[in-house]
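J.: Sharing a structure, written as C-alpha cells. Questions coming.
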Amino acid sequence: MSGLYFFKGYPIPLNFMNKEYDYLIIGGGCAGLSLAYRMSMDPFFDSKLILIVEPQTKSQNDRTWSFWSKDQHFYNKWAIKSWKELAFKGKKKATTLNIAPYKYFTIRGIDFYNNTLPQISSCKNIDQIHSKIISISQNEKVIVAKLENGQSIKTKFCFDSRIPESYNIKNSNFVWQHFKGWIVKAEQDYFDDQKALFMDFSIDQHDDTRFFYILPYSKRKALIQLAIFSNKILSSKSYDGLINNYIHQNHPNLKYKILEEEYDKIPMTDYHFSPTAGKNHMFIGTAAGMVKASSGFAFKRIQDHSDFIIDLLKEGRNPIAATKIIANKKYLHLDGTLLHVILSKSETGQEIFTKLMERNKAKNVFDFLDQKSSLGQEIRIMLSLPFFSFLKSFIRVWMKK
Ligand SMILES: Cc1cc2nc3c(=O)[nH]c(=O)nc-3n(C[C@H](O)[C@H](O)[C@H](O)COP(=O)(O)OP(=O)(O)OC[C@H]3O[C@@H](n4cnc5c(N)ncnc54)[C@H](O)[C@@H]3O)c2cc1C
C-alpha cells in the first residue's frame, strides 16, 4: 500500500483524495476481493490505479463457501477440504451421489481473505481504505464517491457490491435462505471425511423447506449446518435447539465441542437486478444477482463473473456485458418457477429436492444449476419433477413479467 495514515485505527492511503482512480471497488467481500485479486495477479492492471473501500478488516471466519467444480481453478487449492462423493438423504432413503467429473469444495472465509488480501496489499497500485461509501455522484468524465467521514474519491469506473437502494422485491418471488451451523470437534475419530452429506431432507419440515448438511473437514472436525427456506427468520437460540436435537437423534454417539458458529441469511429471488447504476458504475456479487435464485449458491458464479469482467476489461470492452452473460434469462425464469412452486406450496421443497436428486444423475443437476445444461438434460430434469405444478408456476412467473 502507498503512504498511509490511520483513521479509527485503520490504514488510509495518504494521498487518495488527490488521485483519480481507474477502478473503485466498493466492498472487499467475496466479489470485491475476487476481482481485486485477479487484477493484482495480472500485469495488464499494473498501470491502473485501483482502490478498495471496505469497512471490515476481514480477520474473522465469517462464512464458509461450498461449490462444485470440474475444472482446475486457482481458488480450489484454498479449500479446507474437497470430496469426490456426496450423500443425499431424501424423505425416505439415503443415496450416494456419483458426482464425477465434479468435486465438491469448501473454502472457509478466513482462508479466502488470508489468501487474497496479502497479495492485493503487496501491489503498489492498489490502495485500500477501511470505511463505507455513503453516496455516489457522476458527471460526464468522473464518478465521485463519498466516504462516511465526508471525504471524496474520484474514479473513472466503479464496481459496487452494495445492494442497491432501489432493490424492490415486491413483484418477484423471494425467500430467505437462513441458516446456522456449528463447526464441531469430536472427542475421537468419528466422521467419514471421504464423503460429505450434501443435503439431509429426512428431517421434519415444519411447513418450510429445510435440510441439514454435514461437511467433514477431517475425521474429527465437521461443519453441521441447518438451512431453512422461509421468510420467518429463527432466533440463533431456536437454531441451537434444532441442531442439538438433530445430532442427538442422528449421531447419538458423537461426543463433541463447538469450535465456531455460523449464523446468517442469503436472499433467494428471481428479481431482475440491474447490472448498472449509471454509466461506468456496475454491480458485482449479490448486488448483481449472482446468488442463484433456486439454491442460494453464489461463490462459483462470482468467480465466473470476475473472470468475464477481467477478460472484457483487457479487450477494452465494457465489463457490464459480463453480468448479462451470467444473468441468463432462461435460467432466471426456471429458477423463478422453482421458487414459485415452493412459495405457493403446490409441492413441498422436500418433495422437489428429493425427486431432483434421486431421479437424476448429479452431473446433470450440477450442469443445470451451473446454467451449462443441454436441452436433453433439461427435459430429463423437468420430467423428473411434478410436471403440472411446474407448468402452472412457469406460466404464472411468465405472466408476472
Ligand atoms: C454465511 C453465508 C454462507 C454462504 N455460503 C455459501 C456457499 O456455501 N456457497 C455459495 O456458493 N454461496 C454461499 N453464500 C452466498 C454468497 O456466496 C455470499 O453471500 C458471498 O459472500 C456474496 O459476495 P458479495 O461480495 O456479494 O458479498 P459479501 O461477501 O458480503 O461482501 C460485500 C462487502 O461489502 C461491504 N460493504 C457493505 N456496504 C458497504 C459500503 N457502504 N461501502 C463499502 N463497503 C460496503 C461489506 O462490509 C462486505 O464486506 C453464503 C452467504 C453467507 C452469508
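The values are calculated or read from the model by the stated rules, or taken from the named source; none is laboratory data. In this text the structure is predicted, and so the values were computed from the model without any measurement. Neighbour counts are summed over all protein chains in view; Cβ atoms, including those assigned to glycine, are modelled from backbone coordinates with ideal geometry.
J.: Scanning for something surrounded by 16 or more Cβ atoms within 10 Å (Cβ to Cβ), more than 16 Å from Phe297 (Cα to Cα), aliphatic (A, V, I, L, M) and at pLDDT 90 or above, does region 363-372 turn up at least one residue?
T.: No: zero hits.
J.: What number of residues within region 296-349 are crowded, with 21+ Cβ neighbours inside 10 Å, more than 22 Å from the chain's Cα centre (by Cα) and modelled with pLDDT under 95?
T.: 1
J.: Of the residues that sit in region 320-350 and are more than 16 Å from the ligand (Cβ to nearest atom) and part of a loop (DSSP other than H, G, I, E, B), which one is farthest from Phe390 (Cα to Cα)?
T.: So, considering only residues that are more than 16 Å from the ligand (Cβ to nearest atom) and part of a loop (DSSP other than H, G, I, E, B), the one farthest from Phe390 (Cα to Cα) is Ile320.
J.: Follow-up question, since we're still on this one. Here are the criteria: (1) in a helix (DSSP H, G or I); (2) within 13 Å of the ligand (Cβ to nearest atom); (3) acidic (Asp, Glu). Tell me which single one Asp307 does not satisfy.
T.: (2)
J.: Just to check your reading of the model, which residue among Asp62, Asp71 is within 15 Å of the ligand (Cβ to nearest atom), assigned to a loop (DSSP other than H, G, I, E, B) and acidic (Asp, Glu)?
T.: Asp62
J.: Oh, and also: Under 6 Å between Cβ atoms, at least 6 apart or on separate chains: pull out the pairs that start in region 383-395 with a residue that is without any contact (Cβ under 8 Å) to a residue 60 or more places away in the chain and end on any residue that is part of a loop (DSSP other than H, G, I, E, B).
T.: So the pair list comes out as Ser384/Asn360; Pro386/Glu347; Ser389/Ser346; Ser389/Glu347.
J.: So, one more: So, Ile233, is that one at pLDDT 95 or above and in contact with a His (Cβ under 6 Å, 6 or more places away or on another chain) or not?
T.: Against the criterion (at pLDDT 95 or above and in contact with a His (Cβ under 6 Å, 6 or more places away or on another chain)), Ile233 does not qualify.
J.: Kindly check whether there is at least one residue in region 220-233 that is buried (at least 21 other Cβ atoms within 10 Å of the Cβ) and among the polar types (S, T, N, Q).
T.: Checked region 220-233: at least one residue is buried (at least 21 other Cβ atoms within 10 Å of the Cβ) and among the polar types (S, T, N, Q).
J.: Considering only region 276-287, state which residues are more than 10 Å from the ligand (Cβ to nearest atom) and either of a type in the set (A, V, I, L, M, F, W, C) or surrounded by 21 or more Cβ atoms within 10 Å (Cβ to Cβ) (or both).
T.: The answer is Ala277, Met282.
J.: Test Thr209 against the criterion of being buried (at least 19 other Cβ atoms within 10 Å of the Cβ), of a type in the set (Ser, Thr, Tyr) and within 18 Å of the chain's Cα centre (by Cα), and give yes or no.
T.: Spelling it out, it is not the case that Thr209 is buried (at least 19 other Cβ atoms within 10 Å of the Cβ), of a type in the set (Ser, Thr, Tyr) and within 18 Å of the chain's Cα centre (by Cα).
J.: Oh, and also: Going through region 252-279 one residue at a time, which ones are closer than 30 Å to Phe159 by Cα and either without any contact (Cβ under 8 Å) to a residue 24 or more places away in the chain or not in a strand (DSSP E or B) (or both)?
T.: Answer for region 252-279, where residues must be closer than 30 Å to Phe159 by Cα and either without any contact (Cβ under 8 Å) to a residue 24 or more places away in the chain or not in a strand (DSSP E or B) (or both): Asp270, Tyr271, His272, Phe273, Ser274, Pro275, Lys279.
J.: Name the single residue that is farthest from Phe157 (Cα to Cα) among those in region 288-304 being within 11 Å of the ligand (Cβ to nearest atom) and not in a helix (DSSP H, G or I). Talk me through it step by step, then tell me what you get.
T.: The first filter runs over region 288-304 and keeps only residues within 11 Å of the ligand (Cβ to nearest atom), leaving 288-292, 295-303.
Of the ones still in play, those that are also not in a helix (DSSP H, G or I) are 289-292, 295-298.
Numbers: Gly289: 20, Met290: 20, Val291: 23, Lys292: 26, Ser295: 31, Gly296: 28, Phe297: 27, Ala298: 24 Å.
Taking the candidates together, the pick is Ser295.
J.: Here is a further query. With region 81-188 as the region, which strands (runs of 3 or more DSSP E) entirely inside it contain at least 2 residues that are assigned by TED's automatic domain parsing to the domain that holds Asn250, modelled with pLDDT of 95 or more and away from the ligand (no atom under 16 Å from the Cβ)? Give the derivation first.
T.: Numbers: elements: 81-83, 85-89, 94-98, 103-108, 126-129, 133-138, 143-147, 152-160, 174-186.
It comes to 174-186.
J.: Does Gln249 fit the bill of being more than 22 Å from the chain's Cα centre (by Cα) and outside any loop (DSSP other than H, G, I, E, B)? Give the steps one after another, and end with the answer.
T.: Numbers: more than 22 Å from the chain's Cα centre (by Cα): yes; outside any loop (DSSP other than H, G, I, E, B): yes.
Yes; evaluated as a whole, the condition is true for this residue.
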